[in-house]
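Asker: Can you keep this structure in mind? I'll have questions shortly.
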Amino acid sequence: MSNTSSIQVGDRAPTFTLPSQFGASVNLTDILGQKSIVLFFYPKDDTLGCTAESCAFRDSYEIFQEAGAEVIGISADSPASYQRFANKHRLPFTLLSDTDNRVRKLYGVPATLFVLPGLVIYVIDKQGIVQSVFDSQLGFRAHVQKSLRTLQRI
């Protein structure tokens, strides 16, 4: 797999439906038109980096809401794992279960060192157009700040 996402700035975000930590299916199309979306793919619940990333988004969640955006996290974990993860870390946003990595592949999220699922953040405007792609395993606070700057710009 390449080191960059196949979905780039200016592309239409692929739509999908996945189960959330609450068991209900979430369809990206239902959110588009109403809110911008900060969509972040991460490797695994309760790992050091993924917990730091999720908590960084949690700590700024109200700011994202005020900016008219919804934060959504996606990994291959199960809805039950998400429920534990969200409760343990008081995560107020939706986590979606992509157990077969179908959506990860749809977005072309690269693997890190060809093994670990990558960490990529997409900021998608209300019209469904990708406005920012940030691909990095480190710098969790920077991910939040970059996402917020993009939302302020659009």
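We did not get these values from a lab; they are worked out from the coordinates using the rules stated. For clarity, every value in this text was computed on a predicted model and none was experimentally measured. Cβ sites come from the backbone with ideal geometry, for glycine too, and all protein chains shown count toward neighbours.
Asker: Which whole number in µm²/s is D for region 1-107 by Stokes-Einstein, with the Kirkwood Rh taken over Cα pairs at 10 °C and 1.306 mPa s? Walk me through the numbers on the way to the answer.
Answerer: Values: Rh = 14.3 Å.
In µm²/s, the coefficient rounds to 111.
Asker: Ok, one more. If each of T99 and V9 carries a label point 7 Å out from its Cα toward its Cβ, how far apart are those two points in nm?
Answerer: Between T99 and V9, the label points sit 3.8 nm apart.
Asker: Please turn the phi angles of region 14-28 into ³J(HN,Hα) values with the Karplus equation 6.51 cos²θ - 1.76 cosθ + 1.60 (θ = phi - 60°), one per residue in order, whole Hz, x for glycine and proline.
Answerer: x, 8, 6, 10, 9, x, 9, 5, 8, x, 7, 7, 10, 10, 4
Asker: Would you mind computing, in nm to one decimal, how far apart the modelled labels at D30 and H89 are, each placed 7 Å from Cα along Cα→Cβ?
Answerer: Here the answer is 2.4 nm between the modelled labels.
Asker: Please list the non-local residues whose amide H lies under 5 Å from the amide H of A76, H modeled 1.01 Å from N, same-chain partners needing a gap of 5 or more.
Answerer: Sorted by chain and number, the residues that satisfy this are D98.
Asker: Can you give the local net charge around F16? Use residues other than it whose beta-carbon is closer than 9 angstrom to its beta-carbon, Lys and Arg +1, Asp and Glu -1.
Answerer: Details: positive: R102; negative: D98.
Overall, the nearby charge balance is 0.
Asker: Scan around V26 for amide H atoms under 5 Å from its own, H built in the peptide plane at 1.01 Å from N, and keep only partners 5 or more places away or cross-chain.
Answerer: Those lying under 5 Å, H to H, from V26 are L18, S20.
Asker: Oh, and also: Considering only the other residues whose Cβ falls under 15 Å of the Cβ of N27, what net charge follows from Lys and Arg at +1 and Asp and Glu at -1?
Answerer: Combined, the nearby Lys, Arg, Asp and Glu give -1.
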